[in-house]
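Quick one: the structure is below, and I'll ask about it shortly.
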Amino acid sequence: MSQSKGLLIDITKCVGCRECERACAETNHLPQESATDLSATHLTYVKSYNDETVFVRRLCMHCNEPTCVSACLVGAFTKTETGAVLYDESKCIGCRYCMQACPFEVPRYEWGSLAPKIQKCRMCYERIAGGGQTACAEACMFGATVFGNRDDLVREARARIDGNPHGYVDYIYGLSEAGGTSVLFLSAIPFEKLGFPMNIPKEPIPDLSWRVLSQVPKYAVAAGVLLFGINWITARRTDVARFEAEERRRTITEDRERGRR
């Protein structure tokens, strides 16, 4: 995915102006109102930590190999050439497996709608496909959100860490989580202290799922053989018991007939 696009979010540069929130709402025709978390009407959200001195954005991570794509029964999610993971509401059946599957707990459901859909960041797919950048990166005045080719962003993140080892945690969040994501984070504070899930596998979750599911036929056959064997043995014991009972009855009958003679 060398030409896949992405975002580098440097938490050390974010001042909490929330221009990214406003730009996202304007671009996606969503209400301009304060938020407390991601929702069906807030596709990105800036949360404050450390007495509002540290600000962390939440948004769809746009996984390189998305679990939502593999979990969707009807193909409503797709990973595009730009890096964005898109949702097609016309295919959605409302099962919400994507919400359960996402390791970052991102997709939101329109619970209050009569025709509910899933909502999440689209990484401004149309803008990027047209040669532009995401609205949030364009709106960021302090360089906290940078748009570009993912490979270039990884190199930039590494360069920032190496150039200021005391100013950053030596870790690029999103580089390998769930096999890698299109959204990368840098921080001066350990990520686990900022609400980032750190127990996510380092390989694509769909691969892990397939590894388990691919063994199902093997174990299903083994289980079938075992159950067949148990059933055969049980039936055989029943047949033997029935045969022995019939033999006993026949022997008793024959003995009685001989006694009468």
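A short reminder: the numbers here are calculations on the coordinates, not readings from a lab. Predicted model only: the values in this text are computed from it and were never measured. Because the Cβ atoms are built from the backbone with ideal geometry, glycine has one as well, and the counts that use them run over all protein chains shown.
In nm, what is the difference between 0.36 nm times the number of residues separating Glu81 and Glu52 and their Cα-Cα distance?
Result for the pair: 6.8 nm of gain on full extension.
Under 19 Å from a point 7 Å along the Cα-to-Cβ line of Gln100: which residues of segment 51-67 have their amide N that close?
66-67, by backbone N distance to the label point.
Here is a further query. Between their Cα atoms, which of Lys79/Lys193; Lys120/Lys202; Lys5/Lys120; Lys91/Lys202; Lys79/Lys202; Lys79/Lys117 are more than 27 Å away from each other?
Values: Lys79/Lys193 30 Å; Lys120/Lys202 23 Å; Lys5/Lys120 17 Å; Lys91/Lys202 30 Å; Lys79/Lys202 19 Å; Lys79/Lys117 18 Å.
Exceeds cut-off: Lys79/Lys193; Lys91/Lys202.
What residues of segment 1-41 lie in the reach of a label at Met141, counting those whose backbone N is under 13 Å from a point 7 Å from the Cα along Cα→Cβ?
Label zone hits: 15-20.
So between Glu33 and Lys193, what do we pick up on full extension, going 0.36 nm a residue minus the alpha carbon distance?
So the extension gain works out to 54.9 nm.
Can you tell me the FRET efficiency between Asp170 and Lys202 if r is taken as the Cβ-Cβ distance and R0 is 25 Å, rounded to the nearest 0.05?
Calculated transfer efficiency: 0.95.
Can you tell me the length gained on complete extension of the stretch Leu114 to Asn149, counting 0.36 nm per residue apart and subtracting the Cα distance?
In short, 8.7 nm is gained.
Still on this structure: Report the FRET efficiency, 1/(1 + (r/R0)^6), for Ile93 and Thr41, where r is their Cβ-Cβ distance and R0 is 30 Å, rounded to 0.05. Present the calculation step by step, with values, prior to reporting the outcome.
Values: r = 22 Å, r/R0 = 0.75.
Plugging the Cβ-Cβ distance into 1/(1 + (r/R0)^6) gives 0.85.
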